[in-house]
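Here is the structure we will look at.
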Amino acid sequence: MWRSPPPLAQYAAEHDEAIAQFCALCKKGSVAEADLAKAEKIGMATGLTVTHPLTGEEVPVWVANYVLMSYGSGAVMAVPAHDERDYEFAIKYSLPIKQVIDIPVGYFDALEADAKANDTEINRAYTERNTLVNSDEFDGLDFEQAFEAMLTKLEPQELAKKKIQYRLRDWGVSRQRYWGCPIPMINCEHCGTVPVEEQDLPVVLPTDVVPDGRGNPLKNIPEFVNTTCPKCGNPAERETDTFDTFVESSWYYARFASPNDAQSMVNKSAANKWLPVDQYIGGVEHAVMHLLYARFFHKLMRDEDLVSGNEPFANLMTQGMVLAGTFYRLNADGSTTYYFAEDIDIDYDERGQPIKAILKSDGQPVTIGKIEKMSKSKNNGVDPQITIDKYGADTVRLYTLFTAPADQTLEWSDDALKGPYNFVKKVWRIATEHMQALTAANLSIETLNNEALSTDGLSKEAKNLRRKTHETIAKIDSDLGDRLALNTPVSSLMELTNELTGFKANSKQDLQVQHEALTDLLIMLSVYAPHIGEHLLEQLGLDTITLNYPEVDKNALVQDMITMVVQVNGKMRGKMDVAPNSDPEQLKAQARSMESVAKFLTGDIKKEIVVPNKLVNIVVVG
């Protein structure tokens, strides 16, 4: 069975009035994919047959209402056992259903149980990929193997060829509104739609427009609308629709490379220097709309010799959505009224989950809905100004970036803002105490900023703080620079802050190390919390405009001493500071000599286990 293309359908229609009427009926239907999927599958046998290219069988040709000429060649081999629409069609017209892909045992059991419970029929088309059956020489091959094997057989006979099929849906680019790029077309009664002459470009929108909400205001400005046809010179009207903003944003990345070029749309040498864009960030809807349009524009510009590369963007990251709870009431007319969270009194359980919601205005309960994407229609958005007024902009930024990876969803919680808020306050306290310590030690901030830190004779605690500081710099370099992970650097900054909190400076050198750690912390924090970060840096006498991002001192990462745990029969009995990668025999001897360990060595030592740079375990029996 073949589903026929329009040319063959036209041929059949010329010889059969019933088929002609059927084709005329199909022309009146929608060609949208969603509509075709829902529509009843109808068709007619043409009486024609074609020869199957692999088996040599004669296959009947049918015309059907769900195959488009715009898809592939317009003629598609029907496989009812493995295509849901073909299955429906074959069942309706009692056509053969031949299985050619192996179906796992029990695959349809759950579907059949549901259908039986609901007194419905299931679609038994198996649409997954698996090995072939009932396919003669191709039996046992998987999808890729079968594809290549069939191509190898048919290509020499010129019955098949490999082709990549691109699908780009029509894009309606016009908008009935004032704001947007003018569409440079003129509508003439005699000549039709005529492009504006090049010397008259660009078309400039009038600026004395006050939108009043009654449609496109450009239609009501005669001096903009009325013009003459560039082709015949008769009175004509200028197009008043404007372009969708995606049209401009689909190519302006290339224009950014040469924004002052007055001679061309894109300066090719500048575009070749700067493109492709290193990182494209957008929501999921951008990945299936704007990103496709931008790639389409780029390939057009490439074909017009405006740019050289094949792709506009090197990397893609689709950020996750921000989710929040919903609260609503169902109305008598079947509609739903959603309420803002701030208008609700909410009771929570011990796990922080809402269990009761009362509308403040009338004291009556409302339904606690699902966690959903923030939207105006659900009234579950958060006014950032309210949160900023309470916690500050830096806290809101930290919370948004820290709570979830950028490419995953973020479930908003006002209560969870307290964590980042406390972190900001801790940084403020550490900086204040550090400046007080410098004053008490009669040390000048200016001197510390300009004096090189000597690392000779550093205390163990100072070495640990320097190592943590430079480990943090290295990790954030990797997380932000290599992986575009926005949340993990905040965790690293919190760890460094905790290290600073526990550090006690007992000398000028200690204060220098503390000053270095605090300065680097604030510079890195400024990426996330610029207000507190830059303010405290200025308090430390630093110019935030000219500051360089900290660089890793690899010498600081070297450990000259590490702490190893000592166990007796698996229980910790002490710790010892040793050089990294020390000789195992020396480690065993040092462990046995420790007073806290020796008192537990009351029997025979059966075994001594050394885990390098981590622990020594002494096994005692008797």
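The values are calculated or read from the model by the stated rules, or taken from the named source; none is laboratory data. Computed from a prediction, not measured in an experiment: that's the story for all the values here. A quick note on method: Cβ atoms are made from the backbone with ideal geometry, for glycine too, and the neighbour counts reach across all protein chains shown. The accessibility values were calculated without ligands, DNA or RNA, using every heavy atom of the protein model including side chains. Shrake-Rupley method; radii C 1.70, N 1.55, O 1.52, S 1.80 Å.
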Nearest-0.05 FRET efficiency for residue 546 and residue 611 at R0 = 60 Å, using Cβ-Cβ distance, is 0.80
Heavy-atom accessible area with a 1.4 angstrom probe orders 280, 348, most exposed first, as 348, 280
If the label point sits 7 Å along Cα→Cβ of residue 376, residues of the stretch 300-332 with amide N under 14 Å come out as none
Distance in nm between residue 454 and residue 477 label points, each 7 Å along Cα→Cβ, equals 2.7
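Run through the stretch 62-139 and list the trypsin sites (Lys or Arg not before Pro) located in a DSSP loop whose Cβ has at most 16 other Cβ atoms within 10 Å.
Numbers: sites: 85, 92, 98, 116, 124, 129; in loops: 98, 124, 129.
Passing both the DSSP loop test and the Cβ count: 98, 129.
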Other residues with Cβ under 11 Å from the Cβ of residue 589 give, with Lys and Arg +1 and Asp and Glu -1, a net charge of -1
Ranking 190, 457, 271 by how far each Cα lies towards the positive end of the charge dipole of the chain (+1 on Lys and Arg Cβ, -1 on Asp and Glu Cβ), the top one is 457
When the charge dipole of the chain is computed with +1 on Lys and Arg Cβ and -1 on Asp and Glu Cβ about the Cα centre, the Cα farthest towards its positive end, among 380, 427, 164, belongs to 427
Computed over the chain: longest principal axis from alpha-carbon atoms vs helix 584-593 long axis, angle to nearest 10 degrees, is 50
Mean 1/r over distinct Cα pairs of the stretch 401-499, inverted to a Kirkwood Rh in Å, yields 16.1
In whole percent, the fraction of accessible protein surface over the stretch 325-423 that belongs to carbon or sulfur atoms, probe radius 1.4 Å, stands at 50
If unit charges are put on Cβ atoms (+1 for Lys and Arg, -1 for Asp and Glu) and the dipole of the chain is taken about its Cα centre, the option from 549, 150, 344 lying farthest towards the positive end turns out to be 549
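Can you tell me the dipole magnitude for the stretch 291-404 around its Cα centre, using point charges on the Cβ only (Lys, Arg +1; Asp, Glu -1), in Debye to the nearest 20?
220
Rounded to the nearest percent, how much of the accessible area of the stretch 140-229 (1.4 Å probe, protein heavy atoms only) is carbon and sulfur?
On the way: 3650 of 6860 Å².
Its accessible area is 53 percent carbon and sulfur atoms.
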Expected field for residue 171, accessible surface area in Å² at 1.4 Å probe radius, rounded to 10, holds 60
About its Cα centre, the chain carries a charge dipole, from +1 on Lys and Arg Cβ atoms and -1 on Asp and Glu Cβ atoms, whose size in debye to the nearest 20 is 1560
Given unit charges at Cβ for Lys, Arg (+) and Asp, Glu (-), the dipole magnitude of the stretch 477-594 about its Cα centre in debye, nearest 20, is 880
Computed over the chain: longest principal axis from alpha-carbon atoms vs helix 17-27 long axis, angle to nearest 10 degrees, is 30
Neighbours of residue 455 by Cβ distance under 9 Å: Lys/Arg at +1, Asp/Glu at -1, summed charge 0
Rounded to the nearest 10, the angle in degrees between the Cα long axis of helix 530-539 and the longest principal axis of the Cα atoms of the chain comes to 30
Expressed in angstrom, Rg and Dmax over the Cα atoms of the chain are 36.2, 113
Once both label points are put 7 Å beyond Cα along the C-beta direction, the residue 109-residue 592 separation in nm becomes 6.3
With no solvent term and unit scatterers on the alpha-carbon positions of the stretch 48-146, Debye gives log₁₀ I(q)/I(0) at q = 0.13, 0.16, 0.24 Å⁻¹ of -0.58, -0.86, -1.41
On the formula 1/(1 + (r/R0)^6), with r taken between the Cβ atoms of residue 20 and residue 225 and R0 of 51 Å, the FRET efficiency rounded to 0.05 is 0.65
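What whole-number volume per residue, in cubic angstrom, does the convex hull of the C-alpha atoms of the stretch 93-205 give?
Output value, Cα hull per residue: 358 Å³.
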The rounded separation in angstrom of the Cα centers of the stretch 439-474 and the stretch 402-433 is 27
Stretched fully, the stretch from residue 433 through residue 360 gains (0.36 nm per residue minus C-alpha distance, one decimal, in nm) 21.9 nm
Residue-normalised value, i.e. accessible area per residue, for the chain at 1.4 Å probe, in Å², stands at 61
Quotient of Cα radius of gyration and Kirkwood radius for the stretch 491-550, i.e. Rg/Rh, equals 0.97
Of every hundred units of 1.4 Å-probe accessible area on the stretch 502-609, the number belonging to carbon and sulfur atoms, as a percent, is 47
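What pairs in 370/475; 98/162; 162/273; 504/554; 575/607; 41/378 have C-alpha atoms more than 27 Å from each other?
370/475; 162/273; 41/378
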Taking every C-alpha to C-alpha distance in the stretch 542-622 and binning by 10 Å from 0, the per-bin percentages run 17, 40, 16, 10, 9, 6, 2
